[in-house]
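The values are calculated or read from the model by the stated rules, or taken from the named source; none is laboratory data. Please read all numbers here as calculations on a predicted model, not as lab measurements. Glycine gets a Cβ as well: all are built from the backbone with ideal geometry, and neighbour counts include every protein chain shown. We work out accessible area using only protein heavy atoms, side chains counted, and drop any ligands, DNA or RNA first. Shrake-Rupley method; radii C 1.70, N 1.55, O 1.52, S 1.80 Å.
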Amino acid sequence: METKLKLILDAFGKEKVRVGEEIAPHTSLKLGGYAKLFFVALTQHEIIKMVEMVRMLKLPLIIFGTGSKIMVSDNGFDGVVIKNRTKKISVVGVKGKVSKSGIGVEEALVEVESGVSTKNLVEFLKKQNLLSDDIVNLPGSFGGNLFINANLQKRCKNIKVINQDGEIEQIEAGVLSLRKHIVLSAVLKLYAKRRISA
């Protein structure tokens with residue numbers, strides 16, 4: 001085990017991977033002992049690379065965002081913990097109409113990385129004048145909520161995941177599985193708060 005952990009430390013650097021990090025301060029419930037290795041991923045590429053290495057070395061893995069839906073034993077975790085802090089949100093498409101009152105956006109496609117907190121997502125949608133009423137009070141990160149929230153799943157055009165074979169693929173919400181997939185991002189179809197009439 002120690003040799004495998006050293007390989008990860010050498011690959012990512014001691015400034016990126018923490019040895020014996022307490023998990024409790026990184027979760028909402030403030031519970032959890034120490035992780036053998038703790039890694040904060042800031043990009044999708046970092047998540048992909050770490051997951052690939054952890055799976056190749058056959059080490060136990062936990063990945064979470066804000067930590068609002070996770071409980072880790074006070075005995076700790078004898079493996080690698082990834083805290084997902086990816087944070088990109090971007091409008092990737094819009095649809096609208098031209099009327100007497102001007103050009104208006106009716107709906108937008110918004111790509112959201114899995115580590116984005118739902119609070120930050122709601123703030124972004126408000127600034128873009130897009131509806132977010134049914135996700136306003138969701139705690140936690142976008143990726144974690146995708147597994148359990150039907151409203152978010154209905155809005156998904158596609159979800160980018162790492163599958164069990166380590167491949168990156170686009171899937172529909174209906175096949176998303178906590179046991180089979182690690183969510184990287186998703187594209188949501190969202191409506192404008194005020195739609196113009198033709």
Just the residues that are surrounded by fewer than 18 Cβ atoms within 10 Å (Cβ to Cβ) and more than 30 Å from Lys58 (Cα to Cα), please, taken from region 156-168.
Lys157
Among the listed residues Val51, Val19, identify the single one that is under 24 Å from Glu167 (Cα atoms) and of a type in the set (A, V, I, L, M).
Val51
Residues that are without any contact (Cβ under 8 Å) to a residue 24 or more places away in the chain and open to solvent by less than 60 Å² (accessible area, probe 1.4 Å), drawn from region 118-133
Val122
Over region 169-195, the set of residues open to solvent by 80 Å² or more (accessible area, probe 1.4 Å), more than 14 Å from Val110 (Cβ to Cβ) and assigned to a strand (DSSP E or B) is Gln170
Got a sec? Which of Ala41, Ala108 is out of contact with any Asp or Glu (no Cβ under 6 Å at 6 or more places or on another chain) and more than 21 Å from Leu178 (Cα to Cα)?
Ala108
Any chance region 116-132 includes a residue that's under 13 Å from Ser90 (Cα atoms), under 10 Å from the mean Cα position of the chain (by Cα) and modelled with pLDDT of 90 or more?
yes
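A quick yes/no check of all residues on (1) at pLDDT 95 or above; (2) out of contact with any strand residue (DSSP E or B) (no Cβ under 6 Å at 6 or more places or on another chain); (3) among the polar types (S, T, N, Q):
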{"site": "Thr3", "(1), (2), (3)": "no, yes, yes"}
{"site": "Lys6", "(1), (2), (3)": "no, yes, no"}
{"site": "Gly20", "(1), (2), (3)": "no, no, no"}
{"site": "Lys30", "(1), (2), (3)": "no, yes, no"}
{"site": "Leu42", "(1), (2), (3)": "yes, yes, no"}
{"site": "Val51", "(1), (2), (3)": "yes, no, no"}
{"site": "Lys69", "(1), (2), (3)": "no, yes, no"}
Considering only region 141-155, how many residues are under 14 Å from the mean Cα position of the chain (by Cα) and either part of a helix (DSSP H, G or I) or crowded, with 24+ Cβ neighbours inside 10 Å (or both)?
10
Across (1) free of Cβ contacts under 8 Å to residues at least 12 places away in the same chain; (2) within 29 Å of Lys154 (Cα to Cα), Glu2 clears everything bar (2)
Checking the condition in contact (Cβ under 8 Å) with a residue 40 or more places away in the chain and of a type outside the set (Val, Ile, Thr), which residue from Asn84, Asn163, Asn149, Asn137 passes?
Asn84
